[in-house]
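Each remark here refers to the structure printed beneath this line.
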Amino acid sequence: MRSSLGGPRVLLRRLREVMAEPVSAQARLDKIVTVIAANMVAEVCSFYVMRADNTLELFATEGLKREAVHMTTMKADEGLVGLIARQAEPLNLQDAQHHPAFSYRPETGEEIYQSFLGVPVLRSGNTLGVLVVQNRAHRLYSDEEVEALQTTAMILAEIIAAGELKSLARPGTDIALTRSLALDGQPLSDGVGLGYAILHEPRVVVSNLIADDSAAEQRRIDEAIADLRASIDRLVDRGDIVHGGEHREVLETYRMFANDPGWTRRLREAVQTGLTAEAAVERVQSDNRARMLRQTDPYLRERLHDLDELANRLLHRLLGRDMVDGRVQLPDNAILIARSMGPAALLDYDRSKLRGLVLEEGGPTSHIAIVARALGIPAVGTVENITGLVEAGDAIIVDGGAAQVQVRPQPDVEAAYKEKARLRARRQEQYRKLRDVPSITKDGVKIALHLNAGLLIDLPHIQETGADGIGLFRTELQFMVSARMPSASEQINLYRTVFDGAQGKPITFRTLDIGGDKILPYMRTGEEENPALGWRAIRIGLDRPGLLRAQLRAMLKAAAGQSLRIMFPMVATVDEFDRAKAMVKREVTHLERYGYTLPTSLKLGVMVEVPSLLFEIDEIAHRADFLSVGSNDLMQFLFAADRENPMMASRFDPLSPSCLRALRLIAEAGAKANIPVTLCGELGGKPIEAMTLIGLGYRALSMSPASIGPIKAMLVDLDAGAIKTHLDMLLAEADGAASLRPALMAFAQNHGVPV
């Protein structure tokens, strides 16, 4: 049966008139359900809103008993309405009362109605309510009527999102869109941050939903789709990426979706119902999100990101905007929300206003996590669908230590976290009291505690924490935050400032570790199928010697009259280190020839992070002045587990026997060659891991500033000899154990070591 009043376009125009009327929220809803019922020749139209307690409440009806409004409720797993909310799909029945999920509500008077059509009210794939029409006659509703009701549901979703219905909620209840959420993820950076949500890639807000000229909107959507397809074709066919790789597969996926007849048909059908082109994209993508968020297949869930990206590109084309809008201006107390982002993007934001970071992707050893820790920003990763659950400006609490995110928290929850932040501040004050306490174990073993750094804002932490120096200065961060290649004088000035800030304490400069996920926007490195295993770090330096020589020369000039320690990353063979040493010697000779003052001492070291070096460990130890373990990449390569992949982030434990044996091998090689060995990966900044490293023979650890206090508090209560004996025994008896963590935790507890 077709609508007797002209179909969905007439319905939308009538709804626009109702939405413009100066009436109360309840009066507007009452008029909306009346208009829908009349347009669809339905005897009943009912609108249910999802509440914060996961209950659906009847907010308006035409045809059922009016006294049932705000009195009839059902759980999200109850009745036909609950079934629609749970599955986020339409339900079209000609005999509703005999459906297994039917739930009788005597207060509504709906027992006389047989046919039933219900659709979810969706926004960003999240169910906000359910819209229902009913008739006495046994009949199935037409596809046109289903489409019309779905389109109308989108209008209701925007009414909910605008906050107009908050005033209708009964005391003690909230609608679902504004409900408090407690979400779990993975810990990236410790600390507690309270603030307000800022989306790293803000969603395009579609304000004009109802079309004035559907034919014109149809032309707009067709032109935008054609333009989108052409732009993707150009990207795929570009000469510099034609030979394949993961990047090409991503673009091919975009092209496949952009040319999918089903996707384009749904867009056109949505426009035909009377929506604007932008609203049609929003509606189709919300339906896609709702369906795919309920999938259990990881591959299908991952495709959701592809569809989101495609819809976003299409919306930008329709609105005539660039995909990249430039840096967002942060308000005070900003909590940054993103699906994923690189470390350079985070460094673009005003650190003084950032209070936290929440990501859908990104594990504890990802580079974004490292930078967040360096900046002291509480951060949580792998928080599912956070970009779809949060609106810009929502109150957010980030608990990096507990890996929890509170969205729109209740006042008592907010008060509890404020108290937790105060307690943490007091604990930090206790750690600060340890600043001048020597980092010596109970049995008199000195453990040097260094900082990982890379920005000038890190330098005050040396004095604040009482650190023994900088065990890793990431020189690439200067290159990543710059719009162009830093000049020689800019590099020299940075390194001199670092020496001044260290006030005589030792500094280990790591040469450029670019490539992988640390791409410089002004430097073409080519596309690679597996960047983490590709052309990066020392490999770039040796292949482009001018770049490495310029950096080495800047370091040597900046260190005039002082001690200089230089470390080379991603060294895979002894030969690579020999070639790097030769480059340093050449630069020293050059500066001597022109009368420059040289460093008083020069030490050259190797970052042990490529497993091949474990099989040349004695040779490299006899050539290097020091070794430094990059545990993040070493673990990644040992386990063949991409540290940027959230599915791999917690799959392997670094406290497994295989990992600990590799780490012990490095420590023993350093001791045999009588050279210092430092660990500067994330392992060194965690108390239980640091305790274990001391047991393996490590006497120098480098970490984020926030970790110095907890690590010192641990080691002053630790007997280094006891943990070594216990660890040797555990490794000897491991016999296939997946992890020694439980046994090591038990040791700490039994010996009163705070971990």
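For Glu107, the test of being under 25 Å from Ile210 (Cα atoms), among the acidic types (Asp, Glu), in contact with a Lys or Arg (Cβ under 9 Å, 6 or more places away or on another chain) and touching a residue at least 12 places away in the same chain (Cβ under 8 Å) is failed.
Within the range 145-176, can you find the residues that are of a type outside the set (D, E, K, R) and within 12 Å of Phe59 (Cα to Cα)?
Filtering the range 145-176 down to residues of a type outside the set (D, E, K, R) leaves 146, 148-157, 159-163, 165, 167-169, 171-173, 175-176.
Selection gives Leu156, Ile160, Leu165, Ser167, Leu168, Ala169, Ile175.
Criterion applied to Ala403, Ala374, Ala395 was being of a type in the set (A, V, I, L, M, F, W, C), more than 12 Å from Ile335 (Cβ to Cβ) and surrounded by fewer than 21 Cβ atoms within 10 Å (Cβ to Cβ), and the one residue passing it is Ala403. What's the number of the condition Thr589 fails, among (1) exposed (fewer than 14 other Cβ atoms within 10 Å of the Cβ); (2) touching a residue at least 24 places away in the same chain (Cβ under 8 Å); (3) of a type in the set (Val, Ile, Thr)? Here Thr589 meets the rest and fails (2). Of the candidates Val69, Val81, the single residue that is within 18 Å of Gln114 (Cα to Cα), surrounded by 20 or more Cβ atoms within 10 Å (Cβ to Cβ) and assigned by TED's automatic domain parsing to the domain that holds Leu131 is Val81. Exactly one residue out of Ser46, Ser103 is in a loop (DSSP other than H, G, I, E, B) and among the small types (Gly, Ala, Ser): that is Ser103.
Annotation: of all residues in the range 455-502 being of a type in the set (Lys, Arg) and not in a helix (DSSP H, G or I), the one that is surrounded by the fewest Cβ atoms within 10 Å (Cβ to Cβ) is Arg484.
Across the range 632-647, the qualifying residues are those that are in a loop (DSSP other than H, G, I, E, B) and over 19 Å from the mean Cα position of the chain (by Cα), and the one among them that is surrounded by the most Cβ atoms within 10 Å (Cβ to Cβ) is Phe639.
So, in the range 49-77, of the ones that are among the acidic types (Asp, Glu) and either touching a residue at least 60 places away in the same chain (Cβ under 8 Å) or assigned to a loop (DSSP other than H, G, I, E, B) (or both), which residue ends up nearest to Leu156 (Cα to Cα)? It would help to see each step written out before you state the result.
Let us first name the residues in the range 49-77 that are among the acidic types (Asp, Glu), namely 53, 57, 62, 67, 77.
After this cut, where a residue has to be either touching a residue at least 60 places away in the same chain (Cβ under 8 Å) or assigned to a loop (DSSP other than H, G, I, E, B) (or both) as well, the list is 53, 57, 77.
On the way: Asp53: 20, Glu57: 15, Asp77: 22 Å.
Applying the filter and picking the extreme gives Glu57.
When you look at Arg139, is it out of contact with any strand residue (DSSP E or B) (no Cβ under 8 Å at 6 or more places or on another chain) and among the basic types (Lys, Arg), yes or no? In short, no.
Taken as a whole, the structure places Glu110 among residues that are assigned by TED's automatic domain parsing to the domain that holds Ala148, surrounded by 19 or more Cβ atoms within 10 Å (Cβ to Cβ) and at pLDDT below 90.
Selection over the range 348-363 of residues that are touching a helix residue (DSSP H, G or I) at 6+ places or on another chain (Cβ under 7 Å) and surrounded by fewer than 24 Cβ atoms within 10 Å (Cβ to Cβ) gives a count of 2.
Take Ser650 and decide whether it is among the polar types (S, T, N, Q) and in a loop (DSSP other than H, G, I, E, B).
Values: among the polar types (S, T, N, Q): yes; in a loop (DSSP other than H, G, I, E, B): yes.
Against the criterion (among the polar types (S, T, N, Q) and in a loop (DSSP other than H, G, I, E, B)), Ser650 qualifies.
For the range 525-539, check the following and say yes or no: at least one residue is at positive phi and modelled with pLDDT under 95. Before the answer, list the steps.
The first filter runs over the range 525-539 and keeps only residues at positive phi, leaving 526, 537.
Those left that are additionally modelled with pLDDT under 95: 526, 537.
Yes: the range 525-539 contains one or more residues that are at positive phi and modelled with pLDDT under 95.
Within the range 551-582, the set of residues being among the hydrophobic types (A, V, I, L, M, F, W, C), surrounded by fewer than 20 Cβ atoms within 10 Å (Cβ to Cβ) and either within 22 Å of Leu627 (Cα to Cα) or not assigned by TED's automatic domain parsing to the domain that holds Gly670 (or both) comprises Ala572, Val574, Ala582. Checked against (1) within 30 Å of Phe626 (Cα to Cα); (2) surrounded by 13 or more Cβ atoms within 10 Å (Cβ to Cβ); (3) out of contact with any strand residue (DSSP E or B) (no Cβ under 9 Å at 6 or more places or on another chain), Asn452 passes all but condition (3). Can Lys433 be described as among the charged types (D, E, K, R), within 23 Å of Arg339 (Cβ to Cβ) and free of Cβ contacts under 8 Å to residues at least 40 places away in the same chain? No: the conditions fail for Lys433. Residue count for the range 608-631 under the criterion of being part of a loop (DSSP other than H, G, I, E, B) and under 22 Å from Pro506 (Cβ atoms): the result is 4.
Among the residues of the range 420-437, those identified as of a type in the set (D, E, K, R) and surrounded by 13 or more Cβ atoms within 10 Å (Cβ to Cβ) are Lys420, Arg424, Arg427, Arg432, Arg435. Restricting Ser628, Ser612, Ser650, Ser658 to residues that are hydroxyl-bearing (Ser, Thr, Tyr) and more than 29 Å from Leu718 (Cα to Cα) narrows the list to Ser612. Does Tyr417 satisfy the condition of being surrounded by 18 or more Cβ atoms within 10 Å (Cβ to Cβ), closer than 17 Å to Arg355 by Cα and in contact (Cβ under 8 Å) with a residue 60 or more places away in the chain? Against the criterion (surrounded by 18 or more Cβ atoms within 10 Å (Cβ to Cβ), closer than 17 Å to Arg355 by Cα and in contact (Cβ under 8 Å) with a residue 60 or more places away in the chain), Tyr417 qualifies. Of the helices (runs of 4 or more DSSP H) contained entirely in the range 329-440, those carrying at least 3 residues that are under 24 Å from Met714 (Cβ atoms) fall at 367-375, 411-433.
Of the residues Ala137, Ala153, which single one is of a type outside the set (Phe, Trp, Tyr), at pLDDT 90 or above and farther than 15 Å from Arg28 by Cα? Only one candidate qualifies: Ala137. Just one of the listed residues (Phe59, Phe47) is crowded, with 16+ Cβ neighbours inside 10 Å and touching a His at 6+ places or on another chain (Cβ under 9 Å), namely Phe59.
The values are calculated or read from the model by the stated rules, or taken from the named source; none is laboratory data. In this text, all values refer to a predicted model and were calculated from it rather than measured experimentally. Here Cβ is always computed from backbone atoms with ideal geometry, including for glycine, and neighbour counts include all displayed protein chains.
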